[in-house]
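*Asks:* Following this message is one structure expressed as structure tokens.
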């Protein structure tokens, strides 16, 4: 760039301020108008002299793929975004396999988790589904600070193979069951 081109570019920068700076590329030439303003016109890249052309023709270098506006991506809302501190809600019994199994022995333990307040008392009911060995057993575990509960029941007077249903309720007189699971005495 010669002195005149440099001077023209400097005048353009000063007159438009930093927010409206003109960008001169290899395909553009700055010329000074009779009023002293700087005019930028595209040049014909095929022209050996680099003279301004009458029509603007976009070239590959004017719109590179890198400068295209990226498509907006949808950002998940707070409700859709899982957090690391989320825990399952509700009440669940913890056991392995398809059914809850208890030994034909005293002090069998039934464990679970709940979203009920710590120190809340629950009702755990074990109701026989086997007509030849009818029984109903109850325990009243208290919810621990970490949301767990543990109920102990004496199953020593039940027959092996007897099937039952375990129900967890807030109150023994309430019909609302928080969770239930099938079980068998082994």
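The values are calculated or read from the model by the stated rules, or taken from the named source; none is laboratory data. Note that the coordinates shown come from a computational prediction; the quantities given were computed from them, not determined experimentally. Reconstructed Cβ throughout: ideal geometry from the backbone, glycine too, with neighbour counts over all protein chains shown.
*Asks:* Spot the failing condition for residue 131; the list is (1) modelled with pLDDT under 65; (2) under 30 Å from residue 171 (Cα atoms), and only one is missed.
*Replies:* (1)
Every residue, every condition in (1) surrounded by 14 or more Cβ atoms within 10 Å (Cβ to Cβ); (2) free of Cβ contacts under 8 Å to residues at least 60 places away in the same chain; (3) under 38 Å from the mean Cα position of the chain (by Cα), yes or no:
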| residue | (1), (2), (3) |
| --- | --- |
| 143 | yes, yes, yes |
| 147 | yes, no, yes |
| 168 | yes, no, yes |
| 173 | no, yes, no |
| 181 | yes, no, yes |
